[in-house]
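What follows is a set of notes on a single structure, which appears directly below.
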Amino acid sequence: MREILVLQLGGFGNKMGVKFWEEMLKDSEFGNDNEQGNQNNKLLLNTSNIVYYNLHEKKPLPRCIQVDLGQDLPYSNIDFNPCNQFSFNYSSGNNFGFVKNHCSNEIIDILIDSIRQEIEKCDSFQGFQIFASIIGGTGSGLSAVLSQKLKDEYNSVITQCNLLVPSIKQNDTCVVSPYNAFLALNQLMESTQQLIFFDNQGLKQNLSRLGIQFDYDDANLHVAQTICCNSSPFRNPGDINSSLRKLSTNLVPFPELKLFTCSQSNNQFSDYYQEYLKMDEYQIFKELMSSDHNQASIDYTHGRFLTAALSLRGKISNKQIDKYNSLFQQYLENSTYYSRAQKAKKINGVNMFFTNICKKPLSNYEFFGSSIINSTSIAEQLNSLDEKFNKMHIRKCYMYKYTQEGIEEDEFIEAKSRVEDICRYYEDKYNEDVGEGHENWE
Ligand SMILES: Nc1nc2c(ncn2[C@@H]2O[C@H](COP(=O)(O)OP(=O)(O)OP(=O)(O)O)[C@@H](O)[C@H]2O)c(=O)[nH]1
Ligand SMILES: [Mg+2]
């Protein structure tokens, strides 16, 4: 059945996770027991048990593990399996090192045990989705330690990380976020296959475009809807049934380039909201590829698109989408992209789009779409993080806190060089494409 297990780690991971399951429950339409419903239920049993179990009982249970080191699991009306909820009596002190070298020793076996039990219940397990922020200590430390363990134990499965990362301009509430993010990325780059970045600055821009003042609840809903739509081709019958593995194949043209960002668009909050009827395949397409719908604060026009996976929900015509797929690629090649992002282009030689359409609408949106985009402009975000990291690292600020917890100086240097390497890979791809004698990466 290609089941997926969701791992919710730390404050953001769990709060966003609750929103995610609320959206998933709406999308799954459990409890419809008329005749039509019975037919649907059969289908549901086939598709929804990718993310739920216990479907034959009255209450489906989300297939997830919730972990926080403090006693901070958020309250929710959703029935979670209490055996998979773990909260402890630690305070991470915002410190990756403390989580990696202290807490995790004591709790990792408990977590792995419960993950093993979940996987034993599955027919054909396909992979993990991790939700965490790598800004604080818990999300960064646990995601690094767990992903390493999972790689060792379940080598053939795919792990997708949905990560809240430090913003480019905005300061985070946690001063050591560049250290935590670098140390976590160093591990995650090695042990996972897909890294999707969100940041609060990008989310804030998205919400303000919609006239909504930023708060965590709305930001989390935005992310949750996007992840829910991203994974809808796994769960819903469409023309092409997708999987985490198919996503990996289509989105990662070069092994090191596996960092993505996401966008979301729908008819109710489209730029064409005032002219509701104007929302069509082309409009949704453009919005999903535009920088101002991007949920991380990077600008696609500063780089090149490598690949993109679009997931579309609603009565959307395949024929139209195919047409726009090729039109759009031509536009990008000729750099006559629509007015708000004139310079966005694609890398030559890569077939860009992996598109899935599911005719069943998402909630009550007539059109809904999300995209996962691999663009060289992610190097901007890494460069900005690198700058913040270097400022502290040169003066060795706060480093004693990490060395006290057993993180050696070498680990910092290794993390720094790994992130800088990825940055360089992206920049090289960009420069290769721009060609000698033309503009270069700034
Ligand atoms: N969008 C969003 N951001 C959040 C949320 N909760 C925390 N953050 C941001 O994420 C960062 C801290 O992440 P948390 O997830 O709370 O940290 P943690 O993983 O629990 O780690 P520690 O508490 O340091 O052990 C802060 O910079 C917050 O700004 C949330 O619900 N939504
Ligand atoms: Mg916390």
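Here are the numbers for this structure:
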read-out: Residue 130 being at pLDDT below 95 and aliphatic (A, V, I, L, M); value: no
read-out: Selected residue (only one of 114, 92, 76, 147 is in a helix (DSSP H, G or I), polar (S, T, N, Q), within 16 Å of ligand 1 (Cβ to nearest atom) and in contact with a helix residue (DSSP H, G or I) (Cβ under 8 Å, 6 or more places away or on another chain)); value: 147
read-out: The lone exception for residue 67 - which of (1) modelled with pLDDT of 95 or more; (2) more than 15 Å from ligand 2 (Cβ to nearest atom); (3) farther than 18 Å from residue 195 by Cβ; (4) hydrophobic (A, V, I, L, M, F, W, C) it fails; value: (2)
read-out: Members of region 123-145 that are within 16 Å of ligand 2 (Cβ to nearest atom) and not polar (S, T, N, Q); value: 130, 131, 132, 134, 135, 136, 137, 139, 141, 142, 144, 145
read-out: Residues located in region 219-262, provided they are hydroxyl-bearing (Ser, Thr, Tyr), away from ligand 1 (no atom under 16 Å from the Cβ) and closer than 22 Å to residue 300 by Cβ; value: 248
read-out: Residues satisfying the stated conditions in region 203-231, i.e. modelled with pLDDT under 95, assigned to a helix (DSSP H, G or I) and closer than 27 Å to residue 254 by Cβ; value: 229, 230
read-out: Residue list for region 237-264, filter: closer than 22 Å to residue 319 by Cα and in contact with a helix residue (DSSP H, G or I) (Cβ under 6 Å, 6 or more places away or on another chain); value: 242, 264
read-out: Residue 155 surrounded by fewer than 23 Cβ atoms within 10 Å (Cβ to Cβ), away from ligand 1 (no atom under 16 Å from the Cβ) and at pLDDT 95 or above; value: no
read-out: Filter pass, residue 168 being in contact with a strand residue (DSSP E or B) (Cβ under 9 Å, 6 or more places away or on another chain) and either of a type in the set (A, V, I, L, M, F, W, C) or within 8 Å of ligand 1 (Cβ to nearest atom) (or both); value: no
read-out: Qualifying residues in region 167-202 (those that are outside any helix (DSSP H, G or I) and within 16 Å of ligand 2 (Cβ to nearest atom)) - the one modelled with the lowest pLDDT; value: 172
read-out: Subset tally (residues that are within 12 Å of ligand 1 (Cβ to nearest atom) and either within 24 Å of residue 149 (Cα to Cα) or of a type in the set (D, E, K, R) (or both)) for region 1-28; value: 11
read-out: Residue selected from region 215-227 under the condition free of Cβ contacts under 8 Å to residues at least 60 places away in the same chain and surrounded by 15 or more Cβ atoms within 10 Å (Cβ to Cβ), by the criterion farthest from the chain's Cα centre (by Cα); value: 218
read-out: Residue match in region 154-166 (condition: part of a helix (DSSP H, G or I), farther than 24 Å from residue 218 by Cβ and either touching a residue at least 24 places away in the same chain (Cβ under 8 Å) or among the charged types (D, E, K, R) (or both)); value: no
read-out: Which listed residue, of 213, 201, 268, is within 19 Å of residue 13 (Cα to Cα) and of a type in the set (S, T, N, Q); value: 201
read-out: Qualifying residue in region 73-82 (condition: surrounded by fewer than 23 Cβ atoms within 10 Å (Cβ to Cβ), over 18 Å from the mean Cα position of the chain (by Cα), of a type in the set (A, V, I, L, M, F, W, C) and farther than 23 Å from residue 217 by Cα); value: no
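The values are calculated or read from the model by the stated rules, or taken from the named source; none is laboratory data. Bear in mind the structure is a predicted one, so any value in this text is a computation, not a measurement. When we count neighbours, we look across all protein chains shown, and the Cβ atoms used for this are built from the backbone with ideal geometry, even at glycine.
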